[in-house]
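Structure first, commentary second.
Since every read-out is calculated from the coordinates, none of them should be taken as a lab result. Treat the numbers as computed from the prediction; the structure is a model and nothing was measured. Methodologically, a virtual Cβ is constructed for each residue, glycine included, from the backbone with ideal geometry; neighbour enumeration extends over all protein chains shown.
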Amino acid sequence: MRLPIVIFICAFALAACEGPDTELDPHELKRAQHGFTALSAEAGLLAEQLASHGVPSRFASVHQQALGEESLKLSRQLAKPVPPGLRTAHDKLASLNARFQIEVARIAQASSNTSDLERLRESFRDMKAQAAALETPA
Amino acid sequence: MNSVLELALGIMTSLGGFVDISELVFTVAGGAKFGFLLLWVVVVGTVGIALYGEMSGRIAAVKREPTFTLIRNRYGFRAGLAVLVASNIVNVLTCAAEVGGLAIILQIVFDADYRPMLLAAGVLLLVTVYVLRFKWIERVFGLLGLALLVYAVAAVALKPDWSEAARGLVPRLPGPDTPGTAVYFYYAVGLFSAILMPYEIYFYSSGGIEDGWTPKDLLVNKVTAGVGFVLGGVLAMALIVVGAALYLPQGLDPQRLSSTVFGASVPLGLVGFVFALAGIFFAVGGAAVETALAAGYNIAQFFGIRWGKRLNPREVPLFTLCWMTAIVLGMAVAASGINPVDIVEYSTIFAVVVLPFSYYPVLRVADDPKVMGKHVNRPVIRVLGWAYLALICAAALAAIPLMAMTHMGQG
């Protein structure tokens, strides 16, 4: 009975871990790209919902924090040694993600100003489009 | 009249208590990734939980034996203890995710930091469970959790393609424009496990004994498990429809509890937002209570300690200490700062591995004419029960490899 439990715990731990020195592979970059486009889309939706009073401003501060944390997680995923073939797409995505972190932290502050919210929404839409257009090797 | 009221309350509480944070996450995210393709999993999972819920309730009514007494009797002390430890790890992890979810809702309501709200959520749960009697715990969380029905209204308001949705009731593989077959199966297993979470059976059977069920209450059990869980399944389907009709077209990936609120606020505005927040608060709070009490029930039943929420806490000090410890441990895990959604993904996938060990003794006892007499499983229930056990075993074997292969559903 003990051996299966040990094997199970090891398999479970392995499933959750990843080596720190492994290079970023195309699949991971693709995943990060998808994750980023989804994050920008959601930040845009938050700005839109605030402008249309679908959600109150106190929701914005909590949700922007959650989106910011996801973006930080993405930064950590991208902070791996990058092979030359992925460098361009990686750098672009990392810079978009850095811009996202600055912009997302502004949503709650802008919650009472419709034009600021509209500007942020446009910015997120632009980031999403740029990330989606990145050519990552399959 | 009283029994009709009891039945209605039973149905509503099991409907209101059906959805917890794991279902919220796997349904909305599943809809956002695969559209209506995972609707069939809800049907399969709901029939399974209704089937095993009814069996465990019947055993509680006829034999007055809760699930963990059956587990101890079936497996013996050593193997039974392994099941107890694994089950309670899942209970505490799930409780952690639910308490973390509760803290997020309090954060939104009071515009405060996460950690103080986590403390507030934990204290609120401890006081509520300590003070309220079992029936009232069920009713308060179950009935107020009905606010989640706002997602059913939202699903209709989003005007989805119903014929496409109907096609989702038939299992089929995802197309090339989706995140892939392995991710699809990861979500299918996760959703199946979220619906059949073992704590629901521990809580349901122990609840039957708390409520003093006898063979006279078998109809109440049948209707509560049948109608209540099936209506809960309809609510879970509504959440998938919301994911498919709102999140998928916009390319959203709702991996945070707060993301699920958009599902009601976009089609219904601020009213939808308020109902969604209230519904999530009570559904998640109810599930936190259920997981904590289930942890206490499991330990007490396994070691033959006196237990019961219907009793004064001073009469059952060890049982009271166990469920309180589960809440405190849940708070400690949630305080680590891990996203509750990440915790719930681990607990849901881990739970599916525990499922066969929890469900098998229930099936064996419900199937045994020497124990159950005239209340033994009918042939159709027996066949379905074994078919489901095979399905649960297959899901248990596939769960961990799928989690590793798909990086927890990220592809």
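Data overview
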{"read-out": "Cβ-derived FRET efficiency at R0 60 Å, A:Asp25 paired with B:Arg382, nearest 0.05", "value": "0.75"}
{"read-out": "Cβ-based exposure ranking for B:Trp40, B:Trp136, B:Trp213, B:Trp323, in which fewest neighbours within 10 Å come first", "value": "B:Trp136, B:Trp40, B:Trp213, B:Trp323"}
{"read-out": "Per-residue Cβ neighbour rank within 10 angstrom, fewest leading, B:Lys216, A:Lys80", "value": "B:Lys216, A:Lys80"}
{"read-out": "Debye, to nearest 20: dipole size of the protein assembly as shown, +1 on Lys, Arg Cβ, -1 on Asp, Glu Cβ", "value": "1560 debye"}
{"read-out": "Packing-based exposure ordering (other Cβ within 10 Å, fewest first) of B:Phe303, B:Phe282, B:Phe229", "value": "B:Phe303, B:Phe282, B:Phe229"}
{"read-out": "Cβ neighbours within 10 Å from other chains - mean over B:108-115", "value": "4"}
{"read-out": "Label-point separation in nm, B:Leu318 to B:Val271, each point 7 Å along Cα→Cβ", "value": "5.3 nm"}
{"read-out": "Entries of B:Lys135/B:Lys309; A:Lys30/A:Lys80; B:Lys135/B:Lys370; B:Lys63/B:Lys370 with Cα pairs more than 21 Å apart", "value": "B:Lys135/B:Lys370"}
